[in-house]
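**Student:** This structure is in structure tokens; I'll ask about it shortly.
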Amino acid sequence: MVRKRKRKSLDDILKEALENAPTIQGYTIKQLSEITGIPWTTTRWHLERLEAKGLVEPYEIGRAKIYRLKKRKKD
């Protein structure tokens with residue numbers, strides 16, 4: 001007797017995917033601007049300087065650019 005495997009429902013597949021989704025850490029320029037109370041143009045300028053120094057790294061999610069502290073390699 002051959003048993004058929006029960007296929008997972010789309011709801012179950014989506015639930016599993018979301019349970020294992022990576023967490024997003026970091027802030028957009030607008031969020032950082034709101035946190036600091038500094039205009040976004042000034043915030044962006046400072047973030048670009050920190051990026052050039054290798055202290056922060058941006059990554060994009062859709063149209064949003066998220067900034068986070070650059071992870072340092074452990075020896």
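**Student:** Taking segment 25-60 only, how many residues are of a type in the set (F, W, Y) and either outside any helix (DSSP H, G or I) or in contact (Cβ under 8 Å) with a residue 60 or more places away in the chain (or both)? If you could, list the steps in order and put the result at the bottom.
**Tutor:** So in segment 25-60, the residues of a type in the set (F, W, Y) come out as 27, 40, 45, 59.
Filter once more, keeping what is either outside any helix (DSSP H, G or I) or in contact (Cβ under 8 Å) with a residue 60 or more places away in the chain (or both): 27, 59.
Matching residues across segment 25-60 total 2.
**Student:** Please go through segment 40-63 and give me each residue that is surrounded by 13 or more Cβ atoms within 10 Å (Cβ to Cβ), closer than 11 Å to G26 by Cβ and not hydrophobic (A, V, I, L, M, F, W, C), ordered by number.
**Tutor:** Result: E57, P58.
**Student:** Could you please let me know if P22 is part of a loop (DSSP other than H, G, I, E, B) and either aliphatic (A, V, I, L, M) or within 18 Å of the chain's Cα centre (by Cα) (or both)? Show your work before the answer.
**Tutor:** Numbers: part of a loop (DSSP other than H, G, I, E, B): yes; either aliphatic (A, V, I, L, M) or within 18 Å of the chain's Cα centre (by Cα) (or both): yes.
Judged against the criteria, P22 is a match.
**Student:** Kindly evaluate D12 against the criterion of being part of a helix (DSSP H, G or I) and modelled with pLDDT under 90. Step through it out loud before you land on a result.
**Tutor:** Details: part of a helix (DSSP H, G or I): yes; modelled with pLDDT under 90: yes.
Against the criterion (part of a helix (DSSP H, G or I) and modelled with pLDDT under 90), D12 qualifies.
**Student:** Are any residues in segment 22-39 surrounded by fewer than 13 Cβ atoms within 10 Å (Cβ to Cβ) and touching a Lys or Arg at 6+ places or on another chain (Cβ under 7 Å), and if so, which ones?
**Tutor:** Q25
The values are calculated or read from the model by the stated rules, or taken from the named source; none is laboratory data. The structure displayed is predicted, hence computed values, not measured ones. All Cβ positions, glycine included, derive from the backbone under ideal geometry; neighbour counts span all protein chains shown.
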